[in-house]
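The values are calculated or read from the model by the stated rules, or taken from the named source; none is laboratory data. Just so it is clear, the structure is predicted and the values come from calculations on it, not from any experiment. Methodologically, a virtual Cβ is constructed for each residue, glycine included, from the backbone with ideal geometry; neighbour enumeration extends over all protein chains shown.
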Amino acid sequence: MIMLLQNIKLWRDYLDYVEEHDQSVSQCSQSGLSKMRDLYERAITAGGLHVTEGSKLWEAYREYEMAILTINDGNDEEKAKQVQRVRALFHRQLSVPLADIESTLAAYKSWEAEEGNTRDPDSQVDDVPPNVLSAYKKASEMYNARKQYEDELSDAAESEANKLQVFLKYIKFEESFGDPARVQVLYERAVSELPVSSDLWMGYTSYLDRTLKVPAILKSVYHRATRNCTWVSDLWVHYLLSLERIRASEDELRHVFELAIQCSFPSMNEYLNIYLTRVDSLRRGMPTGLDFELIRQTFVDAAEFLSPQLGIEELLLLHAYWAKLECNIGKDIAAARAVWENALKKSGCVLEVWQHYISMEIEMGHTHEARSLYKRCYSKKFAGSGSEAVCHAWIRFEREHGTLDDYDLAIKK
């Protein structure tokens, strides 16, 4: 979908360029007419709902069809069809809440008069059919309800902070009506004026994830969001999750992940979240035939990159998840133990690392291995009352799992 707002002018320029330089269009061949109408419909879809600028696209479309009408030298049937095309465009525009909707109605009446149509006795106002008049009144009410936000945006033109707040209020207002097309157009207006606002991009992408769920649109918007706000790790995380939801290929997921970890984030925890999101996706993809080695290598890379700078809580989160997947998916207990052994080499004085390692062995019913770990760590000097906590844990372990000799040994130690 082509960008909106400042590019409504670009749409106009592009349409003019095609009319002038495309021979099939300039000669009004059937293929040229079809091509031009398709382009105008795309333009209307992209920006025709823009409250203050959309009418420029509608007017250009009408002018094009009116020009075709004036040069139409075909039979009466063909001319009648072209008249109906122009009329249908007027009717469509009059149902859209745009800033100059009153002048559009006046232009429509004038055009009908020029076409020689007399007043319809069944219509309520002049030559406007009742159904069109009803749509016009509804569109006018919708415009009036939005005018205050448009005025506020105009007043806030010099302040990005104020403009952001107005856009957020305006978007919330549009969301309350449940029209995804209008909400999307408004988000596009907002991000085109405030392209590095992470609040807008987060809101926009989340809205699309919840509401539209169209793969092409999601990919396009997330691509622009992460290009404009590379430092916002949550956008990258949501991007990866969104790709997974729409069943993007493994190549696409890997590409976005690799782009993400090359960015500069404020903290190492944000890199950790991206690595773990990648692992989550790979784990969920295992039933589709992915190789477990992909998960293992991702953990290896994460540990190498992050471990020197992670806090103990984050370090434990990474290694506990890694060891668990080595056991449950990789079916490799030796590899799981190697995860914790490597962690001990770097953080052997941290009680929590030993506790997690021991817990893993106990959960798998490996009492001998758990006992060996207690014997290895009980004499270490841990911070605070850590050494005492190890001794109490060992005694409790032997009470629940060991023989009397094992219990006596733990008490003795």
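Here are some notes:
- So VAL183, is it over 9 Å from the mean Cα position of the chain (by Cα), at pLDDT 95 or above and not in a helix (DSSP H, G or I): no
- Region 44-85, subset free of Cβ contacts under 8 Å to residues at least 40 places away in the same chain and small (Gly, Ala, Ser), residue farthest from GLN184 (Cα to Cα): GLY74
- Some residue of region 102-109 being assigned to a helix (DSSP H, G or I), at pLDDT below 95, touching an Asp or Glu at 6+ places or on another chain (Cβ under 7 Å) and of a type in the set (A, V, I, L, M): no
So that you can scan it fast, the table gives a plain yes or no per residue for (1) of a type outside the set (Val, Ile, Thr); (2) under 30 Å from PHE382 (Cβ atoms); (3) in contact with a Leu (Cβ under 7 Å, 6 or more places away or on another chain):
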{"position": "VAL221", "(1), (2), (3)": "no, no, yes"}
{"position": "SER233", "(1), (2), (3)": "yes, no, no"}
{"position": "LEU241", "(1), (2), (3)": "yes, no, no"}
{"position": "VAL279", "(1), (2), (3)": "no, yes, no"}
{"position": "ARG283", "(1), (2), (3)": "yes, no, yes"}
{"position": "ASP291", "(1), (2), (3)": "yes, no, no"}
{"position": "ALA302", "(1), (2), (3)": "yes, yes, yes"}
{"position": "ILE312", "(1), (2), (3)": "no, yes, no"}
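- Evaluating ARG278 against the criteria (1) touching a residue at least 12 places away in the same chain (Cβ under 8 Å); (2) outside any helix (DSSP H, G or I); (3) farther than 26 Å from GLU53 by Cα leaves one unmet condition, (2).
- If only residues of region 246-291 that are among the small types (Gly, Ala, Ser) and more than 17 Å from HIS223 (Cβ to Cβ) are counted, the one that is modelled with the lowest pLDDT is GLY289.
Results for (1) of a type in the set (Asp, Glu); (2) assigned by TED's automatic domain parsing to the domain that holds LEU98; (3) under 15 Å from ALA145 (Cβ atoms), shown as yes or no for each residue.
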residue: GLU160; (1), (2), (3): yes, no, no
residue: LYS169; (1), (2), (3): no, no, yes
residue: ASP179; (1), (2), (3): yes, no, yes
residue: TYR187; (1), (2), (3): no, no, no
residue: PRO195; (1), (2), (3): no, no, no
residue: LEU200; (1), (2), (3): no, no, no
residue: GLY203; (1), (2), (3): no, no, no
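- Restricting attention to region 275-311, the residues being under 21 Å from the mean Cα position of the chain (by Cα) and under 16 Å from ILE261 (Cβ atoms) number 8.
- Helices (runs of 4 or more DSSP H) (entirely within region 9-77) containing at least 3 residues that are closer than 24 Å to VAL96 by Cβ and modelled with pLDDT of 90 or more: 30-47, 54-70
- Test for VAL18: is it crowded, with 20+ Cβ neighbours inside 10 Å and of a type outside the set (Gly, Ala, Ser): no
- Cβ-Cβ distances below 6 Å connect the following pairs, each with a first residue in region 370-398 that is at pLDDT below 90 and among the hydroxyl-bearing types (Ser, Thr, Tyr), a second residue that is surrounded by 13 or more Cβ atoms within 10 Å (Cβ to Cβ) and in a loop (DSSP other than H, G, I, E, B), and a separation of six or more residues or different chains: TYR378/LYS413.
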